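Written below as structure tokens is the structure these notes are about.
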Amino acid sequence: MEVGDIYECVVDRLNHQGKGICVIDGRVVFVSDSLPGEHVKIKIDYVSRKFVTGIVIDRLSDSSSRVNVKCPYYSFCGGCDIMHLSYSFQHEFKFNKVNDIIRKFVHENIKINEVDFDEQFYYRNKATFHVKEGIGFYKDKTYDLIDIDKCLISSIEINNVLGILKKMNLNGVDQVIVRSSYYDKSVMVIFSVVGKVDEGYLIDSLKDIVSSIYIKKDKYRLIYGSEYIVDKIGDLKFVISPDSFFQVNTPMAYKLYSKVRDYAGNLDDSNVLDLYCGTGTIGLFVGGKAIVGVEINESAIHDANINKDLNNISNCKFICGDSGKVLKGLNKNFDVVIVDPPRSGLSPLSINEVISVGAKRVIYVSCDPVTLARDLNIFKEFYDIREISLFDLFPNTNHVESVCLLERR
Ligand SMILES: C[S@@+](CC[C@H](N)C(=O)[O-])C[C@H]1O[C@@H](n2cnc3c(N)ncnc32)[C@H](O)[C@@H]1O
């Protein structure tokens, strides 16, 4: 099989990234923009010993799960990858993905709940636009810019700002990050600069529609408006600084945090540990007799302390540092531990330290089912894996969030 070869085949199933899988001459070929059952003519565009990829040059039959994609940039933009699946099929795909990974790697009959979801479009409260000869996103796996007019998954407020950015002279700027609040619709703009910029011009161009403008060179510097914007999850308000983590889909974050609170049970008499706490959102949301949050990013800890005061919560303490190392030095008197690590999952030190806490319940929030499965295999020696609930925080992409309840045996 060589690059440029042309084949006709029928797509068998989807891989975990949402690409169609065809088997041709005993070789697995991954084909973008194809769905199970579709008869396609493909051209091979990459061959290695491990895998082969192909692109559809003619679709000879359509799956009933296919929809017309409204985004004109979809076929080359690196952002969304499953927008051609109907929204209900996106959820079936995400459920099957987690189910397959958990069955394959954890080998247990674990209850997995259907995917919970909300709006399919205009949900993202953060977008990173690159600036070159225009402004937009990079083509998939390249640094080639796609100049875009609109992004169907970014909030309306972000799109409004993009409309103005497109008319501006952005000399000296290489990236623009736009963050918006679902709650009060306020917007923060961060210009990442590589050359000289006219700050007065940037402010004058945007001040009517944004509430905060930063310049980022080595560090972040506020040049206009308020230090942060504020969003709300449930009854709580949270500040968002230029570089601290905040869930990109606010209404879905509410659903996910509510599930964590359900799994945690009544916390009136419980000491709660919120590991990888970001700006303290989950710990503050679920409550407890006393809450300790641990997070490596200093500016997130700074925001966590503001969030605590903003919501008049006093029984909460935030510690800045690596989760495993901090936990090793802590008095481990916790009834419930919540972990929400990045895609890489828990470090070996963190997982050992969490197990040594001996909490009655551990609630694991994961954005990557593969590292979740790896970590569950270690937990399962000491904990029963009760159930997993799934949340679609990233519609039109192959990503899915899992919340898993573990109970000490
Ligand atoms: C998926 S986010 C979760 C944040 C928070 N729970 C939320 O819902 O907004 C993961 C967080 O882990 C932090 N982090 C990454 N590595 C860490 C480490 N080794 N120790 C502590 N925190 C870490 C990141 O800075 C980030 O804020």
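The values are calculated or read from the model by the stated rules, or taken from the named source; none is laboratory data. Bear in mind that the values here come from a model prediction, so they are computed numbers and not experimental data. Don't worry about glycine lacking a Cβ; one is built from the backbone with ideal geometry, like all the others, and counts go over all protein chains shown.
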(message) If I go through the range 328-366 residue by residue, how many of them are in a strand (DSSP E or B) and not small (Gly, Ala, Ser)?
(response) 9
(message) With the structure loaded, tell me whether residue 284 is crowded, with 23+ Cβ neighbours inside 10 Å, assigned to a loop (DSSP other than H, G, I, E, B), at pLDDT 95 or above and within 11 Å of the ligand (Cβ to nearest atom) or whether it fails that test.
(response) no
(message) Restricting to the range 308-335, count the residues that are touching a Leu at 6+ places or on another chain (Cβ under 6 Å) and within 18 Å of residue 245 (Cα to Cα).
(response) 1
(request) Those residues that are of a type in the set (Ser, Thr, Tyr), out of contact with any strand residue (DSSP E or B) (no Cβ under 8 Å at 6 or more places or on another chain) and surrounded by 14 or more Cβ atoms within 10 Å (Cβ to Cβ), I need them from the range 58-74; list them, please. (result) 63, 74
(request) Being touching a residue at least 40 places away in the same chain (Cβ under 8 Å) and near the ligand (Cβ under 10 Å from one of its atoms) is the filter here, so list the residues in the range 250-279 that pass it. (result) 253, 256, 260, 274, 275, 276, 277, 278, 279
(request) May I ask you to list the residues in the range 93-125 that are among the basic types (Lys, Arg) and either more than 16 Å from residue 252 (Cβ to Cβ) or surrounded by fewer than 18 Cβ atoms within 10 Å (Cβ to Cβ) (or both)? (result) 97, 103, 104, 111
(request) For residue 299, state whether it is within 13 Å of the ligand (Cβ to nearest atom), assigned by TED's automatic domain parsing to the domain that holds residue 255 and at pLDDT 95 or above. (result) no
(request) From the list 366, 347, pick out the single residue that is within 12 Å of the ligand (Cβ to nearest atom) and surrounded by 22 or more Cβ atoms within 10 Å (Cβ to Cβ). (result) 366
(request) Can you work out which of the residues in the range 301-318 that are crowded, with 17+ Cβ neighbours inside 10 Å and assigned to a strand (DSSP E or B) is nearest to the chain's Cα centre (by Cα)? (result) 318
(message) For residue 306, only one of the following conditions fails: (1) of a type in the set (Val, Ile, Thr); (2) within 10 Å of the ligand (Cβ to nearest atom); (3) more than 26 Å from residue 111 (Cα to Cα). What is its number?
(response) (2)
